[in-house]
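Single-structure report; data block below.
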Amino acid sequence: MPPKQVEVTKALAALQRLYNKDNIEIVQADGTRVRGKVRSLKTTQALTKPSVKIERGDGEVVKITFDKINEIIDHNLY
């Protein structure tokens with residue numbers, strides 16, 4: 001059974017409220033986890049896939065397209 005993807009509208013809604021917050025983790029379809037601060041959301045540009053940029057603790061910025069997102073975890077709630 002293939003990994004479950006998060007719907008684009010659900011991912012966008014979740015990430016909009018987390019914009020510029022730290023300690024957010026995104027689990028990708030391949031199992032890769034990225035944890036850091038939500039820096040950028042690209043959702044309405046023509047001919048591009050919706051994506052989010054996460055700034056990790058080491059300063060590296062990782063771009064993740066919504067179709068690769070399996071789970072969004074807000075570690076600020078715990």
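Just so you know, all these numbers are worked out from the coordinates, no wet-lab data involved. Because the structure is a prediction, the values reported are computed rather than measured.
For the range 8-77, averaging the sequence separation of C-alpha pairs within contact (under 8 Å, six or more residues apart) and dividing by the residue count gives a relative contact order of 34 percent. Translational diffusion of the range 8-77 was estimated from the Stokes-Einstein equation, with Rh taken as the Kirkwood radius over Cα pairs; at 25 °C and 0.890 mPa s the coefficient is 206 µm²/s. Separation of the range 17-39 and the range 47-65, taken as the distance between their Cα centroids, equals 9 angstrom.
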